[in-house]
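Step one of this worksheet: look at the structure below.
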Amino acid sequence: MFESFLVRPDSLRNDVANGEVVGFSLAVRHANYRGCYISLHNGYFLEVDGVQYDRALQTFEVNGKNPRTYEQLKTQVWEHWDYDDEGILHVALPGGLRPGMHTIRLQQSVLAAYGYLPTDDEWVTSPPVPGTGLGSDKTPDIVSYEIELQNGAN
Amino acid sequence: MTIQRGVSLYSYQQSQFIKRLNLQQMIEEVGSNLYGANGIELVDEMSLRYPDPGEAFVREWFGWHEKYGTRPVAMDVGMDVLQFRDHVMTYEECAERLKSDIRLAKRLGFTNVRTLSVVPIEIIEMALPLAESLDIKLGKEIHQPMTLEGVEVTQILDLVERTGTSHLGIVPDLGIFQFRPSEVLLEWLERKGAQPSASEASVELALMVRDGGAAYEHFKVSKQTAGNIRAAFGSFVQTGVVAPGLKDAFQGVKEFTEIKVENPQAIDYRTVAEALMMSHTSLDALRDLVPQITHIHGKFNYMSEVPGSVGEFTEISIDYPGVIGALKAGGYLGYINSEYEGQRYFQDRGLEGIKDEVDQVRRHQAMLVKLIGA
C-alpha cells in the first residue's frame, strides 16, 4: 500500500552536527492504513545507490523527540505513532550523500498484523531483518524512489 | 423503517494519507453528499490520536456530528500481540486493550465496537461484561475467505446463547459474497507482470468453484485469513512446502495455472491463486443471521458504471443484489457502512493514477440507495 508515497520526495537531506556532515535523513510514513504503538517499529531495509545501510546505522525521530535507536523504541510500549504523522529516518554516514539524484530502495518493518500468528514467539526473541517482506504487513515489497538531495536540515 | 446507510472512514484512508481530507471533511462528505447516509464508522488507530484523543477533540467531534447530521455507529479496533516486545500478549492483556477501546468508543458516542475476525472468543468473553455495562455492542468481523457457516460464527452464537447477552454479534464484511477476483486487483497484478491469461484463469477457477459442486470442495480454504493464504501460497510455489490443510487447493491451483497459462511465472501462479480468496457462503445463512448482525461492512473494490446506463453503478465481483435481498427478507434494519478497499490497487501509478475515494463511495451509496429502495 501507498508504494509511491512512503517517502516524502523533498525530504532527502544531509544531517549536520557541530558543523560536520554526519549522515543523511528522509521523511517516511506508515506503510499501512493505520498507526501503531512505536514499540512495534522494527526499522528499515534501506539502500542508497546500491549501498545498504542496516538498522545499526539508523535512528528514528518521531513525536517531537530526539532520534532514537530501535532498541530504545522497542521499550516505548505505550507511545503511539499516529497515522497522520511523519517520522524522520536518520542514517549515520560521515560526509553524507553527494548532491544530486539518488536511488533509494526501502521497506518498512512494523511488527503489527492481525491477531496471533505462528511467528509470534520467534519474533519476540529474534525479530525479522527488514528486507524480506516479513514483518511488513500491508506493503511487503521493496519500493524504489529516485529523489534529489535537498539543502538544509529536516 | 429500512436498512440504514453509513460510511467507514477506512474508505478515505488514501485521502487522509495524502492530506486531501481531514476527519472533519470526511464527516461533512458523509452527511452532505451521500443521499441521506448518516452513519460514521472509523478505525481508531487511523482516525484518532490514539489511545487518548483528548477532551478538546471529543467536544469538536460531537460538534461535527451535530453540524453535519451524522452519528457515530461503530469503532473498529485492533490487537497487535507483540506490543510489549518481550513477550506475546496473553488473552488477559488483549482483553485489557479491548476494554480500553470499548471505553474510548463510549466516550465518542459509538454504539458498536468491531473486533478483528481473528480475535479468540475467550478475549471477547472477557470484555463482554464491560461492553454490557456501557451498552456497547461487540461485533466480530466475518471477513473473506471466512464463511457464515464457519466456526467463527458458531462460537459467537454459542456465547450469545450461553450468556443470554444482547451485546454481542457479528459484522459480516460483504467481501464474503465476492464470487470472482476484482477487475482492479487483476489489472494491478498484470502491471506487476502477470499474463492476461492468468487473470482469465483466476476468474474461471473462481466461478468453477462456485458452480462446480463437490468436485471443487478442496478449493475452499476458509479457515485462514487472506493474507496468510497469500503468504503460504507464495512459499508453496517457491519451495513446494505447504501445510496439509492447504495442499490439495494449492496443488490444484498450480495444475490449473499450468494448463491455462503459457510458461507461468510466480506472479501468474499468485494471480490464479486469488480464486482461493472467495468465501462461498450462502445468502440463506445471511438472512437467518440477521438478528445477530451488529452492523455490516459494505466492502467494495471498484464501482464501475453499468454499460449503457449513465449514473448507474455496480460492483461486478460482489453479489450486492443477492445480499440486499437476503437482508430485506431477514428484516434487517441496521447499518451498511461503505468500506472501499480498491484504492490500494492504483497506488503503484503515482498521484496522477490514484482513484478518487470520494467518487467511489458516492457511487457505492448510489447503488445501495437503488437496491434498498427497490
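For the residues B:ILE3, B:ILE18, B:ILE40, the requirement of being within 13 Å of another protein chain (Cβ to nearest Cβ) and β-branched (Val, Ile, Thr) singles out B:ILE18. All conditions in (1) open to solvent by 60 Å² or more (accessible area, probe 1.4 Å); (2) under 18 Å from the mean Cα position of the chain (by Cα); (3) among the aliphatic types (A, V, I, L, M); (4) at pLDDT 85 or above hold for A:ALA153, with the sole exception of (4). For the range B:271-279, the condition holds for at least one residue, the condition being that it is in contact with a His (Cβ under 9 Å, 6 or more places away or on another chain) and closer than 16 Å to B:TYR320 by Cβ. Checked against the criterion of being open to solvent by 10 Å² or more (accessible area, probe 1.4 Å) and within 30 Å of B:GLY63 (Cβ to Cβ), the range B:148-165 contains not a single residue that satisfies it.
Of the helices (runs of 4 or more DSSP H) lying entirely inside the range B:6-85, the ones with 2 or more residues being more than 29 Å from B:LEU351 (Cα to Cα) are found at B:55-68.
Quick check on A:LEU97: is it within 14 Å of chain B (Cβ to nearest Cβ) and either over 18 Å from A:GLU61 (Cα atoms) or in contact with a His (Cβ under 9 Å, 6 or more places away or on another chain) (or both)? So A:LEU97 does not fit the description; no. With respect to (1) within 23 Å of the chain's Cα centre (by Cα); (2) farther than 24 Å from A:LEU117 by Cβ; (3) within 14 Å of another protein chain (Cβ to nearest Cβ), the lone exception for B:GLY193 is condition (1).
In the range A:111-133, which residues are surrounded by 14 or more Cβ atoms within 10 Å (Cβ to Cβ) and facing chain B (nearest Cβ under 9 Å)?
Within the range A:111-133, A:LEU111, A:ALA112, A:ALA113, A:TYR114, A:GLY115, A:TYR116, A:LEU117, A:ASP120, A:TRP123, A:VAL124, A:PRO127, A:GLY133 qualify.
Read through the list (1) surrounded by fewer than 15 Cβ atoms within 10 Å (Cβ to Cβ); (2) in contact with a Phe, Trp or Tyr (Cβ under 9 Å, 6 or more places away or on another chain), then give the number of the only condition that B:ALA74 fails. Condition (1) is where B:ALA74 drops out.
Check B:MET26, B:MET79 and return the single one that is within 8 Å of chain A (Cβ to nearest Cβ) and under 22 Å from the mean Cα position of the chain (by Cα).
B:MET79
Note on the range B:97-133: among residues that are in a helix (DSSP H, G or I), among the charged types (D, E, K, R) and within 14 Å of another protein chain (Cβ to nearest Cβ), the one that is nearest to B:GLN83 (Cα to Cα) is B:ARG97. Can you find a residue that is open to solvent by 40 Å² or more (accessible area, probe 1.4 Å) and of a type in the set (Asp, Glu) anywhere in the range A:30-47? No, the range A:30-47 contains no residue that is open to solvent by 40 Å² or more (accessible area, probe 1.4 Å) and of a type in the set (Asp, Glu).
So that you can scan it fast, the table gives a plain yes or no per residue for (1) more than 10 Å from chain B (Cβ to nearest Cβ); (2) at pLDDT 95 or above; (3) over 22 Å from A:ALA153 (Cα atoms); (4) in contact with a Lys or Arg (Cβ under 9 Å, 6 or more places away or on another chain):
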| site | (1), (2), (3), (4) |
| --- | --- |
| A:VAL16 | yes, yes, no, no |
| A:LEU26 | yes, yes, no, yes |
| A:TYR44 | yes, yes, no, yes |
| A:TYR83 | no, yes, yes, yes |
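With the structure loaded, tell me whether B:ARG162 is touching a residue at least 40 places away in the same chain (Cβ under 8 Å), assigned to a helix (DSSP H, G or I) and basic (Lys, Arg) or whether it fails that test. In short, no.
Please give the helices (runs of 4 or more DSSP H) falling wholly within the range B:166-265 in which 2 or more residues are surrounded by 15 or more Cβ atoms within 10 Å (Cβ to Cβ) and among the small types (Gly, Ala, Ser). Show your work before the answer.
Details: elements: B:183-191, B:196-211, B:226-239, B:244-260.
In the range B:166-265, B:196-211, B:226-239, B:244-260 are the helices (runs of 4 or more DSSP H) which contain 2 or more residues that are surrounded by 15 or more Cβ atoms within 10 Å (Cβ to Cβ) and among the small types (Gly, Ala, Ser).
A single entry from B:GLU341, B:GLU352 fulfils the requirement of being under 30 Å from A:ILE142 (Cβ atoms) and surrounded by fewer than 16 Cβ atoms within 10 Å (Cβ to Cβ): B:GLU352.
Would the range B:212-220 turn up any residue that is more than 27 Å from B:LYS99 (Cα to Cα) and either touching a residue at least 40 places away in the same chain (Cβ under 8 Å) or among the β-branched types (Val, Ile, Thr) (or both)?
yes
None of B:LEU9, B:LEU34 is touching a helix residue (DSSP H, G or I) at 6+ places or on another chain (Cβ under 6 Å), of a type in the set (A, V, I, L, M) and within 11 Å of chain A (Cβ to nearest Cβ) except B:LEU9. Here A:GLU148 meets each of (1) touching a residue at least 24 places away in the same chain (Cβ under 8 Å); (2) on the phi < 0 side of the Ramachandran plot; (3) surrounded by 15 or more Cβ atoms within 10 Å (Cβ to Cβ); (4) not hydrophobic (A, V, I, L, M, F, W, C) with one exception, condition (3). Screening B:LYS140 with (1) part of a helix (DSSP H, G or I); (2) surrounded by 20 or more Cβ atoms within 10 Å (Cβ to Cβ); (3) free of Cβ contacts under 8 Å to residues at least 60 places away in the same chain gives one miss only, at (1). When the range A:60-105 is filtered for residues that are farther than 22 Å from A:VAL22 by Cβ and of a type in the set (Asp, Glu), the ones remaining, listed by number, are A:GLU79, A:ASP82, A:ASP84, A:ASP85.
The values are calculated or read from the model by the stated rules, or taken from the named source; none is laboratory data. Keep in mind that this is a model prediction, so the values were computed, not measured. Here Cβ is always computed from backbone atoms with ideal geometry, including for glycine, and neighbour counts include all displayed protein chains. Quick note on the areas: whole protein, heavy atoms, side chains included, nothing else; ligands and nucleic acids left out. Shrake-Rupley method; radii C 1.70, N 1.55, O 1.52, S 1.80 Å.
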